[in-house]
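Below is one structure, written out as structure tokens, with a few remarks after it.
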Amino acid sequence: MRTAKIAALLAVGLALALPAVNAGGEAPRAPRSFFGIVPQSPPTVTDAEYMRAGGIGSVRWPVAWAGVQPSAGGGYHWDGPDEVVATAARRHLTVLPFLYATPSWLASKYTTLPVANARQRGAWPAFVRAAVGRYGPRGSFWRQHGPRSAEPLPRTPIRTWQIWNEANFFYFAFPVSVSRYAQTLRLAHAAVEAVDPGATVLLSGLFGEPDQGGRRGMPAVKFLEALYRVPGIKSDFDAVALHPYAVDARALEEQTEAMREVAVANHDPGAGLYITEMGWGSQNNFQQVAFEQGIRGQLRQLRNSFGFLLRNRGRLNLKGAYWFSWQDLAGSCNFCDSVGLFHAGKRLRPKPAWHALVRIAGGRARP
């Protein structure tokens, strides 16, 4: 369904629709930090300027272990993440990283959760500690870009760390295993806490309803229910995350409500909830790809989904919602070529969905 998206990450309706605006004609306001974007390629300075102007506060970005540490003895290579963090910082945007992708010197597939042997269980938390040590509040990245450095940057340290991506789906984790993910999470939590005790640990964004089952997929709600049954696991995360890819905003609403219900049923009402990916495409290919609904359909689903999320933000303990994606990317996943808020190309050409999001976020369409 979204197979080619993985390569890009490594290299890098409504029967009961809620109105999109309130009686005053404006969407309910939320902090800038609530609104996020998941780009498909490294954001440029111009991208960051548009994001900031539009009311966006955060960029979600993959930090692929396989890319940062391609060999066992070669150390960590932060050039790629450095570029994204620096670009975001220049425009006072935060970065939400998701850490994933086991390197080939530890496993034959990057989708292997790194807990199968002692070597993996040692290398994984070491990588997590290194990432937090690079970009956390006392990170070496910020020391290198301090006020007296050659390239000073505003300090926007990373304080929220997402552990893996779509751990309930074989594109990112195979075999799908609650127990293996729980081990992966527990090791990562200890590593984050060792470097930045005040940081937030966020669960993998769970793909709402995968078509596959067994070792290849598990619905997000069932995965979360099973995870809560792991003794003591609640102490290893602060918030849950959902990727409610759905035919329309009504289905997104149902998936989001169900995730919150699982947390409450497991006596964890304080757990935050993030939507770390959501989106629809603007091509008219609904019969082939349910996530592509045309220009007007993309606009309608964005308005309706954000309308629901903002109106219920407090009740759901919803901390943020990230739109996938920023700009169309040809040759990626089956709806990635039209899921952007901007058309593909060197020049940013906005779609109606961008203007709608700007109004909702209280921003402006251009820097």
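No lab work stands behind these numbers, since they all come straight from the coordinates. As the structure is a prediction and not an experimental result, all values here were calculated from the model. Because the Cβ atoms are built from the backbone with ideal geometry, glycine has one as well, and the counts that use them run over all protein chains shown.
Cross-link partners for K234 among the lysines, with Cα-Cα distance under 17 Å and sequence neighbours closer than 8 places in the same chain left out: K222.
How large is the dipole of the stretch 3-361 about the Cα centre if only Lys and Arg carry +1 and Asp and Glu carry -1, each at its Cβ, rounded to the nearest 20 debye? Show your work: numbers first, answer last.
On the way: 38 positive and 25 negative charges, 120 e Å.
For this selection, approximately 580 debye.
Legend: translational diffusion of the stretch 207-279 by Stokes-Einstein, Rh = Kirkwood radius over C-alpha pairs, 37 °C, 0.692 mPa s; D = 258 µm²/s. Taking the helices alone, the chain has a mean residue ellipticity at 222 nm of -11000 deg cm²/dmol, built from -39,500 (n - 2.57) per DSSP H run of at least 4 residues and averaged over all its residues. With the Kirkwood sum run over all distinct C-alpha pairs, the chain has a hydrodynamic radius of 20.6 Å.
Partner aspartates and glutamates whose Cα lies under 18 Å from the Cα of K351, excluding those fewer than 8 positions away in the same chain, are identified as D47, E49, E292, D328, D337.
Among H145, H343, which comes first, second and so on when ranked by fewest other beta-carbon atoms within 10 Å?
Numbers: H145 19, H343 14.
Least to most surrounded, the residues fall as H343, H145.
In order along the stretch 135-140, the phi-based Karplus estimate (6.51 cos²θ - 1.76 cosθ + 1.60, θ = phi - 60°) of 3J(HN,Hα) comes to 10, x, x, 9, x, 5 Hz; Gly and Pro are listed as x. Each peptide in 275-284, 216-225 gets a packing score, the mean of other Cβ atoms within 10 Å over its residues, and the list from highest to lowest is 275-284, 216-225.
Taking every C-alpha pair closer than 8 Å and separated by at least 6 residues, the mean separation divided by the residue count of the stretch 132-197 gives a relative contact order of 28 percent. In the stretch 153-305, Cα pairs under 8 Å separated by at least six residues give a relative contact order of 20 percent. The mean sequence distance of close C-alpha pairs (under 8 Å, at least 6 residues apart), as a share of the length of the stretch 286-367, puts its relative contact order at 26 percent.
First select every other residue whose beta carbon is under 11 angstrom from the beta carbon of A173; then total the charges, Lys and Arg +1, Asp and Glu -1. Here the charged neighbours net out to +3. Sorting 28-36, 245-253, 318-326 by their mean Cβ neighbour count within 10 Å, with the most densely packed peptide first, gives 318-326, 245-253, 28-36. Under 5 Å from the amide H of V95 lie the amide H atoms of V59, each residue being 5 or more positions distant or on a separate chain, with H modelled from the backbone and absent for Pro and chain starts. If the cut-off is a Cα-Cα distance under 17 Å, which aspartates and glutamates reach K109, setting aside same-chain residues fewer than 8 apart in sequence? List returned: E166. Phi angles across the stretch 353-362 convert, under the Karplus curve 6.51 cos²θ - 1.76 cosθ + 1.60 with θ = phi - 60°, into 3J(HN,Hα) values of 4, 5, 5, 5, 5, 4, 5, 5, 7, x Hz, Gly and Pro given as x. With the charge dipole of the stretch 3-361 set up from +1 on Lys and Arg Cβ and -1 on Asp and Glu Cβ about the Cα centre, the Cα lying farthest toward the positive end among the listed residues Y181, N266, T160 is that of T160.
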